[in-house]
Every structure is written in C-alpha cells, then in structure tokens.
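Below is one structure, written out as structure tokens, with a few remarks after it.
The values are calculated or read from the model by the stated rules, or taken from the named source; none is laboratory data. In this text the structure is predicted, and so the values were computed from the model without any measurement. Every residue, glycine as well, gets a Cβ built from its backbone with ideal geometry; the counts of neighbours run over all protein chains shown.
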Amino acid sequence: MSQRKRTRSGDNALVGGGKGTPKLLACIQCAVILLLVMMTGCWMYVVIQFRKPSGVQSQNASLDYEILHEIITPMHNFGGKPQQASGLRQNGKKYIDHGNLGDGDDDAEVEEHPMSIEEIKDQHAAAAAVEQEILEKSKSQKQVDSKVVQQDHDSSSTTNEYFKYKVSTKTFLKKSLFNKEAIHDQVVKKDKKGNILHNAIHAVRKEDLEDLNIPIPDGWNTTTMEDALKGREPLVDILHDAGVQELDVAAVLSLPKWDVVTKLYGDNGPVIIGLDTCKQFQETIPLDQASIGIAGLFNTGTNPMNMYLEENCIMPHIKRERHGGMRFQVPWGKHVPASWKWNNTAGNDQNTNKTNVLPVVMVRDPYSWMQSMCKHPYTAKWLRPKGHCPGLVPLALDKDRGYKSSTLDVTVKYKATAYFDSLADYWTQWYEQYLHADYPRLMVRFEDLQFHSREMIDAICQCAGGVARNEDASFSYVVDSAKSFGPGHGGKKQAKTNMISAMIKYGSETHRLDSLTKEDMEFAATHFNPAFMDLFEYNVPEVPQS
C-alpha cells in the first residue's frame, strides 16, 4: 500500500503535482535560457562573418570583438537620446569603437544603409576575392621591391621596421607625366554665383604680405635682391614655376631658407609610402573602375590635395565620371579610421566598390598639426586651458581644479564617439591603421604640397594608372587659397592664405612648439612613434633639460 502511494506520488510529480514541481520548473527554465543564449551566440557569429569579408585581416587584433560589441550595444535608443559608444581597452591601450560614423568636416555624411544578409554576403565575398587576388599577386613583387627599399635609405635607418613600406619617389618615377618645358598654369575657381574662390597670383609684394598678416622682415629696405635670394633659391624657383614671376625684396626675405625646410622634412624630395602596392592595384582593379580617394585627419590638407589631383590627373578609361576618377574622399569617409572601411559608407557612395578606390592618405607633422587643431578642432574635444593648447598632459593647476586623468584625454565625435588618451595617441593610432593596412594605399605628406607638389602628384597619378589631365602635359599649381565658409570648416570665415604664406608658415619652426611644456615634450617624444617619425622624415625636437 505504501509502495503504491509512493508510485502515485511520483506520477503526480511528473504531471505537475506534488512537492517536486518547483524544482522541475526551474530546470526547464534554465534549459530554455541556455538554448536562447546558444542561439543568440550563433546569430552573432553569423552576423560577424557576413559583416567582414573572409580572407581580409582586421586592422587590429580586436576587430571581431569590437564588431561584437557594436552588435550588443546599439548606438541609439529608439526615440531617446543617442548613446555614446564606449571605449575599448586591450593591453592597457585604447582602441576606437566600430560604429556608424559621420565624416566630421565634410558635407558628405557617413550613413549605414540597410542591406539584406544575402546582399552583404555577396558584396563582401566579391571584395574578399579581389583582396585575396591582390595579396597573391603582390608576393613576388614585394620580394623585388624589398631590395629596392634597402637601397633607398642609409644603413642608419635599416633598423626601422617601417622602412619595409618605403620606396623612394625618384626610384619609382622612371618618366614624368608632366612636361617640364610647358608653361604651367594656376588653378582658378569660382563658386556657383560667379564669385572668385581661387584666383591667379603673378606677383607678391610688401603690401601683399601686410594683407596676409605676415610680418615685414627687418632690413627689407636696405637689403639687395642678390643678398635676399641667398639660401632661398629653391623656393623662389618653385614660385616662378607656378607663375609667380614678380617678387620684391620683402617677399623674398619673408621666405624661409632651404636648409631650414630640409631640417624639418629632409632633403630627399616627397615622401610617399605605399608605392610598392601600385602594381598590384593596377593589375587587379578594372581600368574603367579604378579611382583615387583622399583620406586624412582634420587639418591635414585633404581639400588642396583633392584640387591638385582633380586639376592635374585623370583616369583615362573612366567615361561617366566628371571628375575623372578623382574623389574628394574615400567611400568610407576621409576622416574615419582605416579599420572602419568595411563598416561605413560616406555620402552617396553606397553603390561604390570600395576595393576599386586607391586611398591617398594625408599625413602632417604632428607638432604643427596640434597647433592647427587648437585653432580648428572640428569635432575633437579635450581640456584646453588658456595658454596651454596644444597640451598632452595636465598642468598642476588642472589637477588642483579636480582633473583626474594623467593625460589630456581626447574625444572625437563622429556619429559615434571615439576616445583617445591624448592628441598624440589620436594621431599615432589613426595613421598606424593605414600604415599596416593589407590593401593598396598611399601615404603622403601635407608639407610636400608646398615644397614638392609636382613630383608628388606625378607619382600618385602614375601609381593609380592615371595620365596628365592637360593635353600639353602642363601642371596646374594651387597658388591662391579660398576663404572657407560653411559647416564643413567650422561655419566661420577663415584667414585667406596662398602658396607663399604656406611656405612661410610650414617652412619654419617658429610656432611649431608653442604652448608645449617640458612634460608635454617628454610625452610627445614617446607617443609620437619615433619609428613612424623617422619613416616620414619628420624632425623630432629635443626635449628641454629644464
């Protein structure tokens, strides 16, 4: 009898009766939750695989984790205030989040266009196939190029691992696209209302310097032209070649001497990283689809570079593109990091095959760049105490006022917010992603637009498979500079500049280190990667002893 009761009690437990019911329900709930977690994990894995082309390596080791982070943490609440993308850390370093990003100072805005899984899969599979073909075809070429690289720099630089990326422009340029004997022109542009934005300048005199707020050199009225020219001949030759034929003594004396320029930027001509990838770009990209796109941080000359390319280079096989294959930015947005190439699309480029665009990345001397960031920070924000901008580490006064961080942290607002420990970390991390990219790209110096523009544009155009735009193979210089308006440049009228004022500004050390403390200089010496500075031949200033 007792045995029968126990059996019935057990039967009742199975159908929901008796004291065992709560424990059984808890087990069932746990099983359901576990099943849901496993299904969610599988779904995330599938999304990651579709979002990133197979066979293409990430630009940093945390890419998969960051994409997963993006899926889990939405950028916006529905109907609520946008959330900030949280910064990621790995090995004590900050990395940029992957998100749907805008383009900072351009009209073209980064947007994410919904696509079906099949469309995403097809697009990425096609891109991955092209990337793989590029990598395979480049292996033998890189072996040859590596020998050239070793010949292009002296033995003191061979310890720099970054020199594997370097091929001298002189080695690359077997023949120039441009006719040195042709009469070169200047870019002249008007806006839609007919107002002149860029005019031709054929003379620079003392009164022109005053209009540009350039100090009049001492002794201008007692110096002969012969004495004024000494040490400045290369710069005067550039101006003459650009059509600026008339210079008075005051204008010549205002120019830096050539040895000062070469101290800052070297004397080997333009520095262009990535010339070893030109052959693979030309051999794997269809001629009628290849184009050039500009990229770079804020304040690095992306707009004048676009003007130089648009006025001097054309992809001969492109028929339906009014700019001749010269894009003012890469399709993923010119200011966003390289690691976001496959996650973001700028403006109306949703139908553009990103693999077909050769990025030309503008690099600028970081010390000079920081000075410009203080004047025009765009969407970057950091603590800027009066008299201490740029700055990299806080002053004692900042700490007394409650500032906790050991560095002057930087946030950069795109459509998501990126975080960096300092301006130095922002500059270094952003450029190193392009340096280590596994696709063809060129990295060029902003300063070479002032001092080696024709040779640099020549190499860029030939690298992509372009030809000279003008029938007589003449070269058009950007001598005048537009007054900038609109949201893309801070919404304020900026000072008018031209080629001579740019030579004066960027050919001098006068304001390069303004506001930097000894602590800032010590921080900069290590956080502006010394090997990277050496690669681009930027002068590293000495840290003051006291």
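Give me the pairs, please: first residue somewhere in the range 433-453 and more than 21 Å from GLY465 (Cα to Cα), second residue anywhere and among the basic types (Lys, Arg) and part of a helix (DSSP H, G or I), beta-carbon distance under 6 Å, and either six or more positions apart or on two chains.
none
Search the range 230-250 for residues that are free of Cβ contacts under 8 Å to residues at least 60 places away in the same chain and pair each with any residue that is assigned to a loop (DSSP other than H, G, I, E, B) and of a type in the set (Lys, Arg) when their beta-carbon atoms are under 6 Å apart and the residues are at least 6 apart or on different chains.
Matching pairs, first to second residue: GLY231/LYS257; ARG232/LYS257; ASP248/ARG205.
With respect to ASN539, determine if the residue is modelled with pLDDT under 95, touching a strand residue (DSSP E or B) at 6+ places or on another chain (Cβ under 7 Å), surrounded by 14 or more Cβ atoms within 10 Å (Cβ to Cβ) and not charged (D, E, K, R).
Judged against the criteria, ASN539 is not a match.
For the range 185-203, which positions are more than 18 Å from VAL244 (Cβ to Cβ) and part of a loop (DSSP other than H, G, I, E, B)?
Scanning the range 185-203 gives ASP191, LYS192, LYS193, GLY194, ASN195.
Limited to the range 240-293, what total is found for residues that are assigned to a strand (DSSP E or B) and either crowded, with 22+ Cβ neighbours inside 10 Å or of a type in the set (Lys, Arg) (or both)?
Qualifying residue count for the region: 6.
Only one of (1) free of Cβ contacts under 8 Å to residues at least 40 places away in the same chain; (2) β-branched (Val, Ile, Thr); (3) surrounded by 11 or more Cβ atoms within 10 Å (Cβ to Cβ) is not met by THR224, so which one is it?
(3)
Among the residues in the range 189-203, are any buried (at least 17 other Cβ atoms within 10 Å of the Cβ) and modelled with pLDDT under 95?
Within the range 189-203 (the criterion being buried (at least 17 other Cβ atoms within 10 Å of the Cβ) and modelled with pLDDT under 95), the answer is yes, since at least one residue qualifies.
Mind checking which helices (runs of 4 or more DSSP H) fall wholly inside the range 366-479 and carry at least 1 residues that are at pLDDT 95 or above?
Qualifying helices (runs of 4 or more DSSP H): 366-375, 423-435, 448-451, 453-464.
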